[in-house]
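> Have a look at the structure that comes next, please.
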Amino acid sequence: MTVTRIELLSQFVGQTVTLRGWVYDRTSKGKLHFLLMRDGSGIAQCVIFKGNVGEDVFQAFAAAGQESSIELVGTVKADARAPGGFEIDVQSGRVLQSAQNYPITPKEHGIEYLMEHRHLWLRSKKPWATMRVRHAVIMAIRNFFDERGFTCMDAPIFTPNACEGTSTLFEVPYFEQTAYLTQSGQLYAEAAAMALGRVYTFGPTFRAEKSKTRRHLTEFWMIEPEMAFATLDDVMTLAEDMLSSVVAHVLKTRRAELAVLERDVSKLEKIVTPFPRITYEEASRILLDHPDIKGTELAFKPGEDFGAPHETIISNLYDRPVMVHRYPAAIKAFYMKRDPADPTKCLSVDVLGSEGVGEIIGGSQREDDLALLLERIRHEKLPEEAFQWYLDLRRFGSVPHGGFGLGLERTVAWICGIEHVREAIPFPRTIYRLTP
Ligand code: 4AD
Ligand code: MG
């Protein structure tokens, strides 16, 4: 008997197949069980008739609670009314392990309870759909870069110094020294770009974020492309091309999952290039005049970084992500190149996702001048010795270059229409959560 997966049932209409999985739900009527079976690839309705499977098997299924592991043999019928579009007419079956009192029932549970049971909650429809979208996003990103000649060059996770400011560093004892968990692979991606031209890193990154917001994890995954011979404009073009192609891939391959998530796909269909590009100054002017915040405690202060309500206002002006560029150099990282047209600004870009989700990408053109970079390192009181290797990149064949970092969880949450990033990663780590 062919063993197959629920997502492949359309290839087996009229045939008899074996399915292996778990009981998702069951209702029974006299001599019939209507079983919703899940196998990781989807959910199928299976009809078990006592007259077909015999008394013992029928009773075993009657006693098998939610999430019992099972194996079924049955004929595949197309049925538009059934979830997924197919029904299995069961001929025989086995309960592999009969589970009782599964802690997550179809009734509503609070988010804390669900997070405590994340190891089981992953089996439910919404986390399942989210993880399938996350996978599609990862595949789309890897393919996007591969097609454009980028080499994947992963950066180390133990690092000797900070990349994104010293306030969010995790310290780790490292034999006789102190190491830090990486906040970003960027500095290493820059070295790799000088070796291979176009590269990207894709790995876990860590920030000791004390904030308890819907956007912050202490461990998250970041994709960081870096290109030699690139300007800020090149970086922005790469960002919009990548995001639009990722969304297109998800729309093409994950329709069923988006439906489970009740995502309004018409919003995603609008994510096509070009994305609007506005300067920090333009965004500031919009915020200063905005009636919702003018004169309130949320009022925007010129020269400062945008807060979440500010990002929401800007992003709600458009139906696709917006790229805000040229922030004040004083509020951005030491490695960003100054804007030759206005040295108080830097050649940076933040991409704000649509529908008010806030920043999903941060990037810039990098300072490629040795003296200016050294000055920035001294100004920020960073340990000069630790940055000697990074300065070497400006001593030996320095070229204009740049790239960005895309936060995977924020991107997945945005595409899925999920409010909080903790649901966009299998096992979230936040200031309050280290388990399961
Ligand atoms: O803007 P960030 O801090 O930029 C960098 O780390 C650069 N070195 C990237 C580069 O140019 N190669 O972070 C980049 C992205 C943010 O836009 C956000 O999506 C995500 O990483 N991010 C977080 N996601 C979840 N939790 C956090 N605590 C995050 N901090 C940043
Ligand atoms: Mg940022």
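The values are calculated or read from the model by the stated rules, or taken from the named source; none is laboratory data. Treat the numbers as computed from the prediction; the structure is a model and nothing was measured. Here the Cβ is made from the backbone with ideal geometry for all residues, glycine too, and neighbour counts use every protein chain on show. Please note that ligands, DNA and RNA were not included when accessible areas were found on the heavy atoms of the full protein model with its side chains. Shrake-Rupley method; radii C 1.70, N 1.55, O 1.52, S 1.80 Å.
> State the answer as a single residue: which of P83, H325, G397 lies farthest towards the positive end of the charge dipole of the chain, with beta carbon charges of +1 for Lys and Arg and -1 for Asp and Glu, about the Cα centre.
Positive-end residue among those listed: P83.
> OK, next. Taking DSSP loops as anything outside H, G, I, E and B, show the longest stretch in the chain free of chymotrypsin sites (Phe, Trp or Tyr not before Pro) there with at most 11 other beta carbons within 10 Å.
Details: sites that count: F175, F396, Y432.
The longest uninterrupted stretch comes out as 176-395.
> For segment 367-436, what does the relative contact order come out to in percent, with C-alpha contacts under 8 Å and a separation of six or more? Write down the numbers at each step before the final one.
Details: 37 pairs, mean separation 15.2, N = 70.
Reported relative contact order: 22 percent.
> Another question, then. Farthest toward the dipole's positive end in segment 191-319, which of S284, V235, V265, given Cβ charges of +1 (Lys, Arg) and -1 (Asp, Glu) about the Cα centre?
Towards the positive end, the residue furthest out is V265.
> Taking the convex hull of the Cα atoms, report for the chain its projected area averaged over all directions, in nm².
25.2 nm²
> So if I place +1 on the C-beta of Lys and Arg and -1 on the C-beta of Asp and Glu, and nothing else carries charge, what would the dipole magnitude of segment 1-71 be about its Cα centre? I want it in debye, nearest 20.
Roughly 180 debye, rounded to the nearest 20.
> Among the GluC sites (Glu not before Pro) in segment 35-143, which ones are in a DSSP loop with at most 14 other Cβ atoms within 10 Å of the Cβ? Mind listing them?
Of the GluC sites (Glu not before Pro), the ones in loops of segment 35-143 whose Cβ has at most 14 other Cβ atoms within 10 Å are E108.
> Would you please give the FRET efficiency between R285 and A62, computed as 1/(1 + (r/R0)^6) with r the Cβ-Cβ distance and R0 = 56 Å, to the nearest 0.05? Mind dumping the intermediate values first?
Numbers: r = 68 Å, r/R0 = 1.22.
E between R285 and A62, to the nearest 0.05, is 0.25.
> At a Cα cut-off below 16 Å, give the lysines reachable from K337, other chains included and same-chain residues fewer than 8 away excluded.
Of all the lysines, those that pass the test against K337 - Cα under 16 Å, at least 8 places apart if same chain - are K345.
> Taking the Cβ of F34 as the center, what net charge do the other residues with Cβ under 15 Å away carry, scoring Lys and Arg +1 and Asp and Glu -1?
On the way: positive: R26, K29, K31, R38, K50, K77, R81; negative: D25, D79, E87, D89.
So the surrounding residues net to +3.
> How much length is gained if the chain between I331 and F158 is pulled fully straight, taking 0.36 nm per residue apart and subtracting their Cα-Cα distance, in nm to one decimal?
Full extension of this stretch gives 59.7 nm more.
> Now for a separate question. In whole angstrom, note down how far apart the Cα centers of segment 258-311 and segment 146-171 are.
28 Å
> Compute the length gained on full extension between T344 and A299: take 0.36 nm times their separation in residues and subtract their Cα-Cα distance, giving the result in nm to one decimal.
Working: separation 45, 0.36 × 45 = 16.20 nm, distance 2.24 nm.
14.0 nm is the gain from fully extending T344 to A299.
> What shape does segment 260-355 take by its C-alpha gyration tensor, where a ≥ b ≥ c are the square roots of the eigenvalues and a/c under 1.5 counts as rounded, a/b above b/c as prolate, and the rest as oblate?
Working: a/c = 2.35, a/b = 1.38, b/c = 1.70.
Oblate.
> For segment 306-311, just list the computed ³J(HN,Hα) in residue order, Karplus coefficients 6.51, -1.76 and 1.60, θ = phi - 60°, integers in Hz, with x standing in for Gly and Pro.
Karplus-based 3J(HN,Hα) across segment 306-311 equals 6, x, 4, x, 5, 4 Hz.
> Report the local net charge at T151: Lys and Arg +1, Asp and Glu -1, summed over other residues whose C-beta lies under 12 Å from its C-beta.
Summing Lys and Arg as +1 and Asp and Glu as -1 gives 0.
> Taking a probe of 1.4 angstrom, what is the accessible area of E7 in Å², to the nearest 10?
Around 80 Å² of this residue is reachable by solvent.
> Now a separate question. Would you mind computing, in nm to one decimal, how far apart the modelled labels at R429 and L96 are, each placed 7 Å from Cα along Cα→Cβ?
3.1 nm
> List the GluC sites (Glu not before Pro) in segment 158-240 that DSSP assigns to loop (not H, G, I, E or B) and whose Cβ has at most 13 other Cβ atoms within 10 Å. Which are they?
Listed in order of number, the matching sites are E176.
> Right, next: Please express the Cα-Cα pair-distance distribution P(r) of segment 36-93 as a list of whole percents, one per 5 Å bin, running from 0 to the bin with the greatest distance.
The calculated distribution, bin by bin, is 4, 19, 29, 25, 17, 6, 0.
> Name the residue farthest towards the positive end of the dipole of segment 52-171 from the options T130, F158, I111, assuming +1 on Cβ of Lys and Arg, -1 on Cβ of Asp and Glu, about the Cα centre.
With unit charges placed on the Cβ atoms, the residue in question is T130.
> Could I ask something else about it? With springs only between Cα atoms under 10 Å apart, run a GNM on the chain and tell me which of S184, S167, S398 wobbles the most.
Its mean-square fluctuation being the largest, the pick is S167.
> Which value in nm describes the separation of the simple spin-label points at A371 and T253, placed 7 Å from the Cα toward the beta carbon?
So the label points at A371 and T253 sit 5.0 nm apart.
> Starting at the first residue of segment 266-276, write each ³J(HN,Hα) from the Karplus equation 6.51 cos²θ - 1.76 cosθ + 1.60 with θ = phi - 60°, in whole Hz, x for Gly and Pro.
4, 5, 6, 5, 7, 7, 10, 6, x, 8, x
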